[in-house]
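Please read the structure below before turning to the comments.
The values are calculated or read from the model by the stated rules, or taken from the named source; none is laboratory data. Computed from a predicted structure; not experimentally measured. When we count neighbours, we look across all protein chains shown, and the Cβ atoms used for this are built from the backbone with ideal geometry, even at glycine. Ligands, DNA and RNA are stripped out before the accessible areas are found, and what is left, the full protein with its side chains, is counted by its heavy atoms. Shrake-Rupley method; radii C 1.70, N 1.55, O 1.52, S 1.80 Å.
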Amino acid sequence: MRCWLQTEEMALEELMQRLNAVSQCTDEIMHQDIIPLYAADIQDQLKKQFAYLSGGRGGDGCPVITFPDYPAFSEIPEKEFQNVLTYLTSIPSLRDAGIGFILVIDRRQDKWTSVKASILRITASFPGNLQLVLVLRPTGFFHRALSDIAFKFHKDEFKMKVPIIMLGSVSELQSYIDKTQLTEDLGGTLDYCHNRWLSRRTAIEGFAQKVKQTAQILQSFGTELAETELPNDVQSTSSLLATHTEKKDKMKEDIRLAVEQGDDVLGSITNPVTENPEYKLNQDQLDNQTTVERLLAQLHETETAFDEFWIKHQQKLEQCLCLRNFEQNFREVKAALDIVSERLSAFTDVGNSCSHAEHILKDLVNFEEKSCETIAKARMLASEGDTFIQSNHYAVDSIIPKCSELHHLCDAFTTEMERRRNLLNKSLELHSLLEKSMKWCDEGIYLLASQPVDKCQSQDGAESALQEIEKFLDTGAGNKIKELNKIYREYAQILNEDLKEHVQKVFQKQESMEEMFQKRQVSLKKLAAKQTRPVQPVAPRPEAFVKSPCTSPGLQRDHVSSSESNVLRKVNYRRGKSEVTELHQSRGGSTMDDEENLAVLRQHVINELIETERAYVEELLCVLEGYAAEMDNPLMAHLISPELQNKKDILFGNMEEIYHFHNRIFLRELENYVEYPELVGRCFLDQMEDFQIYEKYCQNKPRSESLWRQFSDSVFFQECQRKLDHKLSLDSYLLKPVQRITKYQLLLKEMLKYSKNCEGAEDLQEALTSILGILKAVNDSMHQIAITGYDGNLNELGKLLMQGSFNVWTDHKKGHSKVKDLARFKPMQRHLFLHEKAVLFCKKREENGEGYEKAPSYSYKHSLNMAAVGITENVKGDAKKFEIWYNAREEVYIVQAPTPEVKATWVNEIRKVLTSQLQACREASQHRTLEHTQSLPLPASSCTSPSRNNIRNTKKMDERKADLTSLEGYVTTVAPKYPEKGKGWAKTSHSLDASEENDGWSSAEDPLNSSDAEEEGGGGAGNEMKLTPGKYTVVTDYERGVSEEFTVKSGDLVQLIREGEDGLWYVKNLSTGREGWIPASNLLMLIGNSKSAQSLSSSESGTASSTLSTSSSCSESCNASSTSFSDIKG
């Protein structure tokens, strides 16, 4: 930098010297250094032409100044006279002027007195050297004679001043000066025009001034350029360079115009020779030509000096601009390098599984690809800086440290990237080894669990099983961890506390599995070595191991141990016939094998749950970072269409909330149950409220789907997909939350299947029920948000319980008869929404479109307040129909369900709503009664036997298990009011689930009693489940019937056909139509066959329907309401 400043100062000094020389030389050429006088200044005085420089020369080259006859010569002011003579004497060269001037004074038409005065004035005031004065005396006789006499008389006086020669004629003059050097008025041939001479002199002097002025301007401009302080930013430096370049171009233009001006002047001087080659320029013309040529040479020198200076100055500005660009790029690249280095430093996680490590490694590779551009820019910038250094840039001292820093940062990033990659590869290698070991252990445990114990009792079976084990152990060479310390040494760089603990657990599992194999080998070798005697198989006696003092299937499980129960079931359903002694010998081993098998299967389920949960969380994060965050990235804004901007919340919904819940809470909680998979139901139950966030996401999904279809071809989404290296587009990932929430119930079903006898089975069942409830709520809410035309707030109607499509007929009391008749035969298609406080009737309208846009909408028609609703459960002629009536059957809606099962579900749900309302009325009435210390009179029941009370007590004990609702208390509470109004029980009927086995009481004996199934069939000593014809719900999966093809699943509806031995019932699966045997303990009564099909309804209801109605006024405790309950015929 210092060197450059010195160079700049030297360049400016050189320019100043050269331009000063030009100015001086110009003055010398024009003699302005001696007499600073220009023709333009005395142009008016020169135009009087009382003296002029014709360009003629004497014999020795003396310049000739002619004083023509000028009558008013004596009247010329002295100042003007001196100016003209001074100017004329400054024109010839110093050499010619040094010889002396010849003055030709033409006074031929003047008087002697004037001649004398003129001569004295001229000789006295002449500023130059006088060589000779030639005077043409007056031509008149008198004045001529007088001049001769006077001249002789005053001759001595004139000689003292100048040599003066009096001439009488022009011919005498020509003897002193050649004719060719005299103008025409003096009898010569010299071509002279005073105006032309004056114009030429003005042009020459103007050009000389232009040359001098140009040199001075360039001096000032050079000083300005040299003294300008260099800016510190790119824009200012670029603006300065542009400004200086513009000024330079203007200077160059001025120089060009000056050169053109000089060429024009020179052309005017040489034009006569150009036109006539024989024409010879006089000495004055030749001097003018030389003057202009010298001035042009000075002008060219000025331009050359300035060009050389400008080249240096421009180089300095360009280098400054390059430096500022370099510094700006350095700051940007340095910031980018700091960012990528910081992001690289965040890759500290080595992964907790093989897939996790692969994902991190993939992210690292993607990050490296994205960072390559930054590293390439940094290296290119460093190379650019090296080029500046090699080209002797003036700021080398500033560039060298920056280049060194860039090289260091790039090398450090590359080294760190390689180190991180190696660590992840090591982690991937370790996790692959661990997963191989885990898989090998799982396969080994599965092998042990799958070896049938009965076959291993024989020598051949034992040897075969022993060979299987030895063959499997041979596969462990490349799959198992051989030396734990070696693993610690080899992977010390990546072994954190968690990973080290994981390695220890895998190794312990491997050791435990190998120990199990060793024990099994010892047992099998003993079996293979001993000699077994043939045993005659005999049929087992069921009472020896099946029957117990209690014949109830539910109590049988309490008296028999779980291990014995498992073995007994194996014997009863799989083997059928085997020897009892062999059975007892294999009891312990069989139970252990079953438990090991189930434990392996549970571990598989929990592993799948956790691994898929991790993948799910990673996919959500990938979408949020790769798509959602990029929508706020200013660098990507140009790719987003204006219609898509500010639509992130619509497109992604509450995905971020879902991600934080799973990443921060649920995944961590799940990982705590990896060693206790059967207890994972508690994890779901603890977080069940948080799963409600999926309802919001699913409700937004139609809007998100519609927005995606509009902009699926957007360049923004394509660029994001390219960066993420996703094979699937964004819409596939937006569907992940919907897919995930439906996946949990499948995994819970699997876990429950393998955990029936475990501690957490109840929690698993409850979690499964809750998840299914959430799915139902989500599905119902998707339909609810499609309701249009409802003026009120749907949230005020309470929780949405059910929704579905039905055929609906109306049978109202009011209305035109023809309309009523038409309504009876023409059903309406209606979609019903059952809320806690109302039931809505809507018309379903299918929409055109794709995906979620094809989802239907529901046009609201009318609604019924549940406080005034009653139901008739059976309609004659169709098992799928039921009635919903309003305000004491003022409005009747006959509803036809798609299937009897759907009808039963809706009737049960409506019954629950009505029951809860009746219970609320009862509690309010009781509360008011207590406040007034009054009690309502209750009629004595005709059936007050202890057995009935026992039945009720038994029902209360089993209420939680059966989950049925008893209506007895509600009916008896409000019954006394009905007979007074004539709306009591019209006919007799049993309860909803009354059985044929308990028909000892009738409606006449107890017209107000209504009990549930468990009250009728759940009592008795020992609490034995008694045969009650009707429909039952399967509470646990069953696959071990007498017929191998007969299977039932939890939730299936079956019809009881007959009772068998050993607690088995023969049933028909209403879902598949198949029949088979199933333990009674697996069933839960849902609907019993009513012995009476008579109707129990208000007097207004027809006898064609079988109805159990309870109308409650509750005028004292509740507002007038009508609640109806009814039987379902078996």
For segment 898-909, does any single residue satisfy the condition of being assigned to a loop (DSSP other than H, G, I, E, B), closer than 24 Å to Leu834 by Cα and modelled with pLDDT of 85 or more? yes
Residues in segment 693-752 that are within 25 Å of Leu772 (Cα to Cα), hydrophobic (A, V, I, L, M, F, W, C) and out of contact with any Leu (no Cβ under 9 Å at 6 or more places or on another chain) total 5
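Quick grid of which residues meet (1) of a type in the set (Gly, Ala, Ser); (2) surrounded by fewer than 20 Cβ atoms within 10 Å (Cβ to Cβ); (3) modelled with pLDDT under 80; (4) touching a Lys or Arg at 6+ places or on another chain (Cβ under 9 Å):
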site: Leu103; (1), (2), (3), (4): no, no, no, no
site: Gln109; (1), (2), (3), (4): no, yes, yes, no
site: Trp112; (1), (2), (3), (4): no, no, yes, yes
site: Val115; (1), (2), (3), (4): no, no, yes, yes
site: Ile122; (1), (2), (3), (4): no, no, no, no
site: Ser125; (1), (2), (3), (4): yes, yes, yes, no
site: Gly128; (1), (2), (3), (4): yes, yes, no, no
site: Leu134; (1), (2), (3), (4): no, no, no, no
site: Thr139; (1), (2), (3), (4): no, yes, yes, yes
Would you check if there is a residue in segment 161-182 being farther than 27 Å from Leu53 by Cβ, at pLDDT below 85 and open to solvent by less than 60 Å² (accessible area, probe 1.4 Å)? no
Residue hits (segment 408-444; in contact with a Phe, Trp or Tyr (Cβ under 7 Å, 6 or more places away or on another chain) and crowded, with 19+ Cβ neighbours inside 10 Å) are Arg420, Leu430, Gly444
Out of the residues in segment 813-870 that are in a loop (DSSP other than H, G, I, E, B), touching a Lys or Arg at 6+ places or on another chain (Cβ under 8 Å) and open to solvent by less than 80 Å² (accessible area, probe 1.4 Å), state the one that is modelled with the highest pLDDT. Pro856
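Within segment 397-407, can you find the residues that are open to solvent by less than 20 Å² (accessible area, probe 1.4 Å) and either under 22 Å from Asn479 (Cα atoms) or without any contact (Cβ under 8 Å) to a residue 24 or more places away in the chain (or both)?
The one that is open to solvent by less than 20 Å² (accessible area, probe 1.4 Å) and either under 22 Å from Asn479 (Cα atoms) or without any contact (Cβ under 8 Å) to a residue 24 or more places away in the chain (or both): Cys403.
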Kindly indicate whether Thr245 is without any contact (Cβ under 8 Å) to a residue 24 or more places away in the chain, polar (S, T, N, Q) and not in a loop (DSSP other than H, G, I, E, B). no
Qualifying positions in segment 479-493 - over 26 Å from Asn597 (Cβ atoms) and either among the small types (Gly, Ala, Ser) or open to solvent by less than 50 Å² (accessible area, probe 1.4 Å) (or both): Leu484, Ile487, Tyr488, Tyr491, Ala492
Give the residue that is farthest from Ser755 (Cα to Cα), with candidates limited to residues of segment 679-695 that are surrounded by 15 or more Cβ atoms within 10 Å (Cβ to Cβ) and not hydrophobic (A, V, I, L, M, F, W, C). Glu695
Going through (1) touching a residue at least 40 places away in the same chain (Cβ under 8 Å); (2) more than 60 Å from the chain's Cα centre (by Cα); (3) open to solvent by less than 50 Å² (accessible area, probe 1.4 Å) one by one, Gln261 fails only at (3)
Would you point out which residue out of Ser268, Ser355, Ser341 is assigned to a helix (DSSP H, G or I) and closer than 30 Å to Ser398 by Cβ? Ser341
Residues of segment 41-91 being touching a Gly at 6+ places or on another chain (Cβ under 7 Å) and open to solvent by 10 Å² or more (accessible area, probe 1.4 Å), which ones? Thr89
Quick check: anything in segment 370-377 surrounded by fewer than 15 Cβ atoms within 10 Å (Cβ to Cβ), assigned to a helix (DSSP H, G or I) and in contact with a Lys or Arg (Cβ under 9 Å, 6 or more places away or on another chain)? yes
Subset of segment 272-290 [open to solvent by 30 Å² or more (accessible area, probe 1.4 Å) and within 13 Å of Ile91 (Cβ to Cβ)]: Gln283, Leu286, Asp287, Thr290
Quick one: how many residues across segment 597-617 are open to solvent by less than 30 Å² (accessible area, probe 1.4 Å), in contact with a Pro (Cβ under 7 Å, 6 or more places away or on another chain) and either assigned to a loop (DSSP other than H, G, I, E, B) or not hydrophobic (A, V, I, L, M, F, W, C) (or both)? 1
Identify the residue in segment 445-477 that is touching a Phe, Trp or Tyr at 6+ places or on another chain (Cβ under 9 Å) and either of a type in the set (S, T, N, Q) or at pLDDT below 85 (or both) and, among all such residues, is surrounded by the fewest Cβ atoms within 10 Å (Cβ to Cβ). Thr475
Working only within segment 305-323, note down all residues that are touching a residue at least 24 places away in the same chain (Cβ under 8 Å) and either open to solvent by 70 Å² or more (accessible area, probe 1.4 Å) or more than 60 Å from the chain's Cα centre (by Cα) (or both). Ala305, Glu308, Lys312, Glu318
Residue match in segment 381-399 (condition: touching a Leu at 6+ places or on another chain (Cβ under 9 Å), assigned to a helix (DSSP H, G or I), over 29 Å from Lys312 (Cα atoms) and not acidic (Asp, Glu)): no
Within segment 664-678, of all residues that are under 17 Å from Thr612 (Cβ atoms) and among the aromatic types (Phe, Trp, Tyr), the one surrounded by the fewest Cβ atoms within 10 Å (Cβ to Cβ) is Tyr673
Residue check, Gln803 against (1) under 29 Å from Glu675 (Cβ atoms); (2) free of Cβ contacts under 8 Å to residues at least 40 places away in the same chain; (3) crowded, with 17+ Cβ neighbours inside 10 Å, all met but one. Which one? (1)
Any idea which of Thr223, Thr214 is surrounded by fewer than 14 Cβ atoms within 10 Å (Cβ to Cβ), assigned to a helix (DSSP H, G or I) and at negative phi? Thr223
